[in-house]
Each structure stands twice: as C-alpha cells, then as structure tokens.
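Reading through the structure tokens given below for one structure.
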Amino acid sequence: MVHVPSAEEAAITTAIEPPRLYRSREQRVVAGVAAGIAHHLRLPVVGVRVAFVVLIGFSGLGVLLYAAFWAVVPPATAGPPKRRDLGELLPFVAIGLGVILIQVLVFESSGVSATAGWLVAVIAVGTGIIWHQSAPERRRAWRETLPQVPWLGAVVDESDRRAFLLRFIGGGLLVAVGVIGVVAVYSPRGDFAAVVNGVIFALVGLAGVGVVTAPVLWRTFNQLRAEREGRVREQERAELAAMIHDQVLHTLALIQRNAADPKAVQRLARGQERTLRNWLYKPTASPTERFAAALEQVAAEVEDTFGLSVEAVVVGDRGTDERVGALVAATREALVNAARHAGVQTVSLYAEVEPEQLSVFVRDRGAGFDPARVGDHRHGVRGSIVGRMRRHGGRAEIISTPGSGTEVRLTLPVGPENRQPGPQSPRPTPERRQPGEGQT
Amino acid sequence: MSEPTSQPAGGAPEQPDGRRLRVFLVDDHAMFRTGVRAELGAHVDVVGEASTVAEAVSGIAAVGPDVVLLDVHMPDGGGRAVLDAVLRGSGVARPSVRFLALSVSDAAEDVIGLIRAGARGYVTKTISPDDLAAAIQRVADGDAVFSPRLAGFVLDAFAARSDTPVVDPELDQLTNREREVLRLLARGYAYKEIAKELFISIKTVETHVSNVLRKLQMSNRYELSRWAADRRLI
C-alpha cells in the first residue's frame, strides 16, 4: 500500500526539504549556472556573473568552475527554457577580455604556469561537455518537462542526437588540444617529439573518457530505442483496442439487446463481420473510382438495408465512368428488387470484367415471377434496369420462372481504350463479403 | 465461401456400404469443435478431434477418418502444415483421407493456399449444418466443393495470366467448358442447374470441376509464384 500524502503533509514536506541548487532556465545566458547560484544564494545575478568572469583571470579558474557547475548541477525542470539573450553575453565577454588583458600586462612573468592553467581549463571544459552530454538525466529531463506530448520527446531526442555528437566531438577536441598543450608546455625539450607525446597522452585521455562514458551512453541509447519500440507497439494495440471497442463491443451489446429479433441480430452480425473483414484483410479502394469497390459498396448497402446476405464475387476490376456508374446503379436496383420480392436470405452477385465488356449477374432462388405479366405501370424493372442499360448502350435481360428464382443479366460493352491499368494489376481479390445462412 | 453449390442432400450421408462417414475435426477453438460435433452428430460420426498440428497428424494416422475438417489458422503452421505432414509426410503411406477446409477466413491466399496444398474443398464457418454435411459427403465421394467465391478466385487467377505466355497449356489453362462451368458456379448455380443450362450431365459438371481443382493443385511453380506476386501475397 502506497502512502499518499495529504495536502498538508505535502506542504510540510515541500517546506522542510532543503532548497536545492538548480541551473536556472529563465535567466540563463550560457547554461544558467550563474543565475542558478545567484538564485540559490539570494545574490544579484550580475554580481555572480562578474565574479565568474573575473575568476577567468586566475588561470582560467572561472571557466573551470563554470564547467564543473554545469556538469554537476541539474537544470531546473519547470517550464520550457526561455530564449537566451545573447546581447547580455557581450558585456561579460568584454569584462573577461579586459581581465585577461590586465593579467597579461601585470603578470607577464608567470608565462608558463599561466599557459598551463589555461590549458587545464580547456581540458576541464572539454571533459565537462562530454560528461554532461552523456548524463542520462539530460534525456530524462526532456521527457519530464513535456509529459503531455510523449512523441515530442522522441522527436527532440532524435534531432538532439546530432547536437549530441557535435558537442561530444567538440568536447573531445578540447580535451585533446588541452592535453597536447600541457605536455608541450611542460616538456623540457621544445621539439617535435613533445608534440607526439602530447598526441599520445591526448589519445589515452580520450580513451579513458570513452571507457568511462561508453556504458552510460550504451544504456541510454538502448533505453531510448526500447522506449520507442514500446511506443509503436502500444500505438498498434491502442488502434486495435479502439476498433474492437468502437465496433465489435457495441455490436455485441446491440445483439444482446436484440436477442429476440433474429433478423436484427443477423443484420448486426453481418454488418460487423463485413467491417472487421475489411479492416483486417482488404486493401481499400475508392467506390467512386473502381468498379469492384462500387459494386461492393452497393452490395453492402443492400445487405444493411434489407438484412439479407449478398454473396458477391467480382472477377477483375477497372475504373469507373458514367456508363459504368449506370451499370452499378442498375445492379443496385436488381439487388433491391431481389431483396424485396424474392423472399430469400441470400442473393448472388457475380461480376466479371473482360477486355471488351462488363457483365453483372444478380441471381436469387426466390419466388420468381412471370415477366410477361408485369404491368406496364411498374417502372422499377423497366425504367431503372432495362431502360438505364439501353440508354448507356448496354443490355439487360431478366430471366425468371415462378418458383425457381430470378436472374438479372446486365452487360455493358466497353472500349479497351479506357480500360484501367490492365491485366498486370488486377484487383487483388474478389471481394470478401461473407455469404452463408448465418444459422450455425 | 459459403454453402456448397449442390442442394443439400436429404437425410444422413452414407457410404455405399451403409456405413456412416467418419469425420475428424481439427480446430484450435474447443468451443467451435463442440459446436460442430453437436451439429454434425445427426449426419456423420465424429471420430476424433485435435487442437494442434501435431495432435492432428498423429490422430489422423491413428483413426483413419474419411474426411478431415481442417481449420486454416492455427498456431504452429495451421491447416497447411497438417496437409503437408499427412499428404507429403515421409515414411507414411499416403492415406486415403480427404480434407475439407473449414475456416473463418475467406482471403484469397488462404483459400488458394489450402487448395493447392491438397484440400478438396473450402467452406467458411458460417455455413449451415445441412450444407456442411452435404459438403462433407461430396468431398468423401471424391468431388470438389466449389463455392461461388472459390470459383471467383480461380477465374481471377486464371484470367490474370491468360494473356501471358503459358508454359504448359495442357496443365495450366482452363478449357472454355471449364470456364463456363466456373462462371455459372460463381453466379450461384447449383451443379444440376449448370447441367441443365449447358445441356450436359451432372457427372460431367463434376468432372469439369474436379479437373479445375486438379489444375489448380498442379499448376507449376512459376505460375503460382507469379500469381502470388501479382497479388502481393509473397
């Protein structure tokens, strides 16, 4: 059981906790060290900065201290960093140059040791940069500051990697230069061998830094990658869960409520099955562009409206135009007629795309009728099917026998010139609506 | 896939000698096996069940059923693995058992894949019990169970390559008659309606359908991989 502190307790804890030193984000000029110290010690910021700059004069002590603080002190986590005011940096650079100038003029005699001090400062800055960059806190800080947009962390981390490499190499160069310089300065012989020694020392030093930081780096990168993979998996899971929740669970709930109405249950189950199948298997095609997709849409509409199953098989595919659209509309009318009048649970829809013509067959095993006895006033068949097909240069035949069902045959001659991509890229599969009685 | 295109046979299917058909169930969902067993109990003898590929292979070898109802998607390889192990397994004499795939999936790759592996038919789990019993009977008799959708897949597959150079026309090309039969099947005609329409006997229709199935199974690998590549199945 986790102890959850009450509001009062929390207040007390916050009050008692000693104030910690953070690098300031609000008032930073370089890294917020000076501002952080000033805030911590309740001193004026400018004073602290001037102190740092003046300390540069003592063999680079200012830089050394600043680097040490930067490496060790964590940044304040509240709020996004403000933009640095680079203009503010100028006076301090000027002061620093002045201090160095004075030092050079006044303490010129102490040449060698002063140079060595500077070089040590350079090494310190380089190591500080490397250490600082490899600290995992830095990465964690990114995620902590922006918890509401986790992807931003990844983006930032990603782009941060380049900056990371740049600074790492920069730091390494500084260390190398410093070490070479120190060895060269202290070498009794000011010759080429000293520089070679320096290079060797520098390499050893760099290798040392590398050995120290490599495990940390490796762990950080691994952790980062694992997190990214986890995020992708989580996203897929969430998408699937949303699909199941939005569609499947709701449908199942509706089915439970409609258990007494088998027709409604069948319609719901069929619609859900179609959606799930499409989602799982089917490449999506636009019903306004492809013949097969348009037929599937029509079949789905009829299924939903009339609660029966349309067993659709489409062989081949092509693009649509006005005439093909008319064929689809006539197919729809034929399906609706079958659903309305045949009194069956299943209607077959078969369509085939051939180079020179499109054929559609709508067949049911229902009541059937005698075509000769259909009254002239019935426009469904004559207008919507036969007439429409004739207007667009196609043909419609209706074969029906009372008692053994009806078949509507629609054909539409098409020119090869507007045939879509061709036999190399037929539509992946005939559509996958599930036929069957649904009684099992 | 749906009900087989023949009209459901009346009464319980029986072998010529009056023996009831022996059926073996392979499905990893116990509930579904129970349901099928209950539904089929009146028509056939369910002589065994298996929920994994290994169980199925040893079970089929042990009981020697007439027909195996085979689920397509199972862990460790599914129906394909069972077919491969039983029909092409090493050391075992090829048993005279026939396979009917019974799956919730009617994706082209599943259907064609199972047929090519040696299943004699493919129906989906929404099929009605009577139709399933009829399909089992037909498979046991040596016929193929060809649903409209399967016919559509086959037409699609052969149409897609009809204008490419055919390597082995004897084997890979459908005859016009076979194509006509398939078209009528895809339009929802029953075998006897096809026979009436084409003025041939039902037996001839069945022969055509069996030939199509044989061609589908024996199409050479070049065509198969081309077909699959066209559809981005591999």
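Any read-out appearing in this document is the output of simple, stated calculations on the displayed coordinates, not a laboratory observation. The model shown is predicted, which means the values in this text are computed figures rather than measured ones. Neighbour counts are summed over all protein chains in view; Cβ atoms, including those assigned to glycine, are modelled from backbone coordinates with ideal geometry.
Quick rundown of the values:
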item	result
Amide H within-cut-off set for B:Thr124, under 5 Å, with H built and near neighbours excluded	B:Ser2, B:Ser103
Separation of alpha-carbon centers, region B:104-138 and region A:211-274, rounded to whole Å	30
Sites A:Asp321 and A:Ile169 - FRET efficiency at Förster radius 56 Å, r taken between beta-carbons, to 0.05	0.35
Proxy reagent accessibility, fewest Cβ within 10 Å first, across A:Ser400, B:Ser201	B:Ser201, A:Ser400
